[in-house]
Each structure stands twice: as C-alpha cells, then as structure tokens.
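Right, one structure below, let's go through it.
The values are calculated or read from the model by the stated rules, or taken from the named source; none is laboratory data. Keep in mind it's a predicted model, so treat the numbers as computed, not measured. Glycine also receives a Cβ, built like all others from the backbone with ideal geometry; neighbour counts cover every protein chain displayed. When the accessible area is computed, the model is the full protein with side chains, heavy atoms only, and any ligands, DNA or RNA have been set aside. Shrake-Rupley method; radii C 1.70, N 1.55, O 1.52, S 1.80 Å.
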Amino acid sequence: MTALVCLMFSPLLFAHGVEEGDATFIEQASGAQLLPFIYLGAKHMVTGYDHLLFLAGVIFFLYRMKDVGIYVTLFAVGHSVTLLYGVLSETNVNAYMVDAIIGFSVVYKALDNLGAFRRWFGFQPNTKAAVLIFGFFHGFGLATKLQDFTLAEDGLVANILAFNVGVEIGQLMALGLILIAMNFWRRTDVFPRQALAANVLLMSAGFMLMGYQLTGLYTVS
C-alpha cells in the first residue's frame, strides 16, 4: 500500500515515455539489433507504472500460480498482438486516448477487486475477457511509444519482435517482485483490512492517470 501512495505522487507519473538516450538509439538503429531491443522492451515494461498497476490489480486476489499464469498469459497475448500489429501495420491511434483507457483499466480492476460491479449491477463481468481486452489497449499504448520514432525498415520486424520479447521478460521480472511482496503481505494479519484501502488507492491512481492523459488530449494539439 505504501508503494501505491509513493507512486501516486511520483514525478514518474507525468514522465512515462522513452528516455533521450534510448530514443536516439531507436532513431539511428539499422538492421537487426536484437539484444538492444530486448533490453529496451524489458526496460519499458519494468518502468511502465501504468502496466504494472494493472497487473498488480489483476493478481491482487489470485492465490494459485495456475490462476496467475492464466491471467498473465491473457494479458501478454493481448498486448503482444496489438503491439506488433500497431507498429508493423503503421496503425495510428491517439496516444493520449489509449493511455487514458489504460488508466481506466486500472480503475476497472480496482472496482472489480472491491466487488463493485456485483453490488451495483447484480452481476460479475467476465474477468478473463476483461484482462484480454484491456491487454489489447495496453499493447496499443506500447505501440504508440515506438510510433513516435522513424524506424528503419531494415530489420524492423526482427527488432519489433525482439522488443516484444523484452516486454515479456520485463513483465515476468516485475511480476515476480510483485508476487513476492504480495505473498509476504498476505501472510500478515492486517492484509484483510488493508486490501480495501489498497484498492481504493489503486483506483485513485487510475483516475489520476486518466485525468492527466485526458488533459493532454484536450490541451495538446
């Protein structure tokens, strides 16, 4: 829960993107550069607080590794498809709108964890379908970061595939750390009481992400 509070007020909340040195490399890369693009993909996911917040929400109440594997696989399939499709097909989407939807995915998952949909509407949406669908939007969010650059045609497919592999590696690394922290937290007596507050904070972080991106959508030409 403390980590969520720190994240909400972190300057990274307003600076998620590609670092200048990495951007220069991407612009100048020609030919297959597999290892560097794997590194960039992993780095982007590990520092991608919006993706990690959603993942944290997804696994918050998952106690069996089988269930964690199923949901994380659905998310990985979703964002891999749209990352590859978005870049290779040159399908342009509004980055602010996509990132606002990614923020909404965090809000949605927090509400789901709080049992809001069953109380408000009397039914539970399909959680697996939701993770897959939001995975598609997260993939487009990743794609928009790469679409900001002029990518060389030479080695493009190999480099984008390598970037996607790196994203998956980064996701597994971050997921491992989140699971370790969650397992320690779940063993404490305070977890049942703090779980509610943590998901309220998670929802608040999602709203902040949405607000920032929607502000950008309407103020940046």
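In the condition set (1) within 19 Å of GLU90 (Cβ to Cβ); (2) modelled with pLDDT of 90 or more; (3) open to solvent by less than 60 Å² (accessible area, probe 1.4 Å), ALA174 is compliant with all but (1). Taking the conditions exactly as written (of a type outside the set (Gly, Ala, Ser), more than 27 Å from THR219 (Cβ to Cβ) and in contact with a helix residue (DSSP H, G or I) (Cβ under 9 Å, 6 or more places away or on another chain)), does LYS128 satisfy them or not? So LYS128 fits the description; yes. Just name the residue that is surrounded by the fewest Cβ atoms within 10 Å (Cβ to Cβ) out of those in segment 30-49 that are small (Gly, Ala, Ser) and touching a Gly at 6+ places or on another chain (Cβ under 6 Å). Only one residue fits best here, namely GLY31. With respect to the numbered conditions (1) closer than 24 Å to GLN194 by Cα; (2) outside any helix (DSSP H, G or I); (3) free of Cβ contacts under 8 Å to residues at least 24 places away in the same chain; (4) not charged (D, E, K, R), which one is the sole condition not fulfilled by PHE123? Result: PHE123 passes all but (1). Which of the residues spanning segment 177-192 are in a helix (DSSP H, G or I) and open to solvent by 70 Å² or more (accessible area, probe 1.4 Å)? Answer for segment 177-192, where residues must be in a helix (DSSP H, G or I) and open to solvent by 70 Å² or more (accessible area, probe 1.4 Å): LEU177, ILE180, PHE184, PRO192. Residue pairs whose Cβ atoms lie under 8 Å apart, sitting 6 or more positions apart in sequence or on different chains, and linking a residue in segment 169-184 that is over 12 Å from ALA56 (Cα atoms) to a partner that is open to solvent by 60 Å² or more (accessible area, probe 1.4 Å) and hydrophobic (A, V, I, L, M, F, W, C), are GLY170/VAL46; MET173/VAL46. Does LYS128 satisfy the condition of being in contact with a Gly (Cβ under 6 Å, 6 or more places away or on another chain) and modelled with pLDDT of 90 or more? In short, no.
You will find that of PHE123, PHE163, PHE134, the residue that is open to solvent by less than 40 Å² (accessible area, probe 1.4 Å) and either more than 21 Å from LEU53 (Cβ to Cβ) or basic (Lys, Arg) (or both) is PHE163 and no other.
Among the residues making up segment 119-169, a single one is under 14 Å from the mean Cα position of the chain (by Cα) and of a type in the set (Asp, Glu): GLU168. Would you mind stating whether ALA129 is without any contact (Cβ under 8 Å) to a residue 24 or more places away in the chain and either aliphatic (A, V, I, L, M) or more than 22 Å from PHE61 (Cα to Cα) (or both)? So ALA129 passes the test. Is it the case, given these coordinates, that THR150 is of a type in the set (Ser, Thr, Tyr) and surrounded by 12 or more Cβ atoms within 10 Å (Cβ to Cβ)? No; evaluated as a whole, the condition is false for this residue. Here the condition is being surrounded by 17 or more Cβ atoms within 10 Å (Cβ to Cβ), within 18 Å of PHE61 (Cβ to Cβ) and over 18 Å from the mean Cα position of the chain (by Cα); of ALA110, ALA195, ALA116, it holds for ALA195 alone. Of the residues making up segment 50-74, those that are part of a helix (DSSP H, G or I) and open to solvent by 20 Å² or more (accessible area, probe 1.4 Å) are LEU52, ALA56, MET65, LYS66, ASP67, GLY69, ILE70, TYR71, THR73, LEU74.
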